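Asker: Quick one: the structure is below, questions incoming.
The values are calculated or read from the model by the stated rules, or taken from the named source; none is laboratory data. The model shown is predicted, which means the values in this text are computed figures rather than measured ones. Heads up, the Cβs are rebuilt from the backbone with ideal geometry, glycines too, and the neighbour counts pull from every protein chain shown.
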Amino acid sequence: MKTLRLFFLFTLVSLIALSASYAQKRPNIHILATGGTIAGAGTSTTGTAYTPGQVAISELIAAVPELNEIANITGEQIVRIGSQDMSDEVWLKLAHYLNTLLKRQDVDGVVITHGTDTMEETAFFLNLTVKSNKPIVLVGAMRASTSLSADGPLNLYNAVVTASATESTGRGVLIVMNGLILGAHSAMKMNTIDVQTFQAPNSGALGYVFNGKVHYNQTTDKLHTMQSVFDVTNIETLPKVGIIYSYSNVESDALEALINKGYEGIVHAGVGNGNIHKNLFGKLADASRQGILIVRSSRVPTGPTTLGAEIDDSEYGFIASQELNPQKSRILLMLALTKTKNYKTIQTYFNNY
Ligand code: ASP
């Protein structure tokens, strides 16, 4: 009888030790919440009206208990906004915090819950300013948490799977939405309402998540995180850079407003391969001569804006955005301006990042 009791006691102790060591082996994933539709709440399960950023991170985590099977989860609310209200201030706060957080031994990866509207911008900003090889994954949802068939819970699960996977190390900041893993350089929101909204039309997804496992098909050659020359450690505000959108018959009022307001850089969302209407051309050339940095990007969603096609960029000191859309060009130009005003150096950033 005594031997039997001892046997049970030994088995119990072994099981506890085993489960403790199993728990320790699971990666520690910290979730930073910023709001968005993934935390949105509405009054109807079938309607589209809702308010983003209503649900606290603790509730989002509690709604997906499966997360605890893959990682030791902790969470923290950073802001609670619709990402249409995203700001340089929040970006800098996130970058500063991530640079401290990811140095910690007890943090193996970070997931950021975020609205989808500006997710590609935040991902790209962090891709250039966070110095870590550890996985950083942005995730959101197209349907509010109160919707029928809300996409947030599975997206969050897939994001934690991706942040927990050793295969995700050193790939730069990632976006995980609707099963796809996308790189920050190329990910774009392509549809206003569809759950399959994030795509990388110029280069394709890096991989996908299926049944709790990541599958990667490619890596990016674009520079990011550890290779990035941009350092925001001591930066509290970013240079002012605005975007001018082009269309037939465009007039120069909006452009003149940016010039008169002292913007240091202007991104031109041009037509075709970044072409510029004659009503804007002279003003942009003058602005460039005055020392305002001008990046030619395009309102066309795919394909690069190439150097010296219909416009002789070297004559005007213009910079071609390559594959970066206007909103990402703005981010790279802001960061570039923290280092230099030389348009040739800035062109090399646009070629490489
Ligand atoms: N307006 C929302 C946001 O970006 C949309 C979403 O999250 O899907 O915060």
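Asker: Do any helices (runs of 4 or more DSSP H) lying entirely in the stretch 38-120 carry at least 3 residues that are more than 16 Å from the ligand (Cβ to nearest atom) and within 24 Å of Ile235 (Cβ to Cβ), and which ones are they?
Answerer: Where helices (runs of 4 or more DSSP H) fall fully within the stretch 38-120 and carry at least 3 residues being more than 16 Å from the ligand (Cβ to nearest atom) and within 24 Å of Ile235 (Cβ to Cβ), they are 88-101.
Asker: Report yes if some residue within the stretch 245-264 is over 30 Å from Ala163 (Cα atoms), within 20 Å of the chain's Cα centre (by Cα), at pLDDT 95 or above and not in a loop (DSSP other than H, G, I, E, B); otherwise report no.
Answerer: no
Asker: Also: From the set of residues in the stretch 21-37 that are farther than 13 Å from Gly152 by Cα and in a loop (DSSP other than H, G, I, E, B), which is farthest from the chain's Cα centre (by Cα)?
Answerer: Going through the qualifying residues, I end up with Arg26.
Asker: Name the residue that is nearest to Gly183 (Cα to Cα), counting only residues in the stretch 121-149 that are out of contact with any Ser or Thr (no Cβ under 7 Å at 6 or more places or on another chain), within 14 Å of the ligand (Cβ to nearest atom) and modelled with pLDDT of 95 or more.
Answerer: Ala123
Asker: Quick test of your reading of the structure: Leu284 fulfils all but one of (1) part of a helix (DSSP H, G or I); (2) over 19 Å from Ala309 (Cβ atoms); (3) touching a strand residue (DSSP E or B) at 6+ places or on another chain (Cβ under 7 Å). Name the failing condition by number.
Answerer: (2)
Asker: Looking at (1) touching a residue at least 40 places away in the same chain (Cβ under 8 Å); (2) touching a helix residue (DSSP H, G or I) at 6+ places or on another chain (Cβ under 9 Å), which is the one condition that is false for Ala165?
Answerer: (2)
Asker: Something else about it: Collect the residues in the stretch 224-241 that are surrounded by fewer than 18 Cβ atoms within 10 Å (Cβ to Cβ) and either out of contact with any Gly (no Cβ under 8 Å at 6 or more places or on another chain) or over 21 Å from Thr345 (Cβ atoms) (or both), keeping them in residue-number order.
Answerer: Gln227, Val229, Asp231, Thr233, Asn234, Ile235, Glu236, Thr237
Asker: Of everything in the stretch 125-141 that's among the β-branched types (Val, Ile, Thr) and either part of a loop (DSSP other than H, G, I, E, B) or in contact with a strand residue (DSSP E or B) (Cβ under 6 Å, 6 or more places away or on another chain) (or both), which residue is nearest to His224 (Cα to Cα)?
Answerer: The qualifying residue nearest to His224 (Cα to Cα) is Val130.
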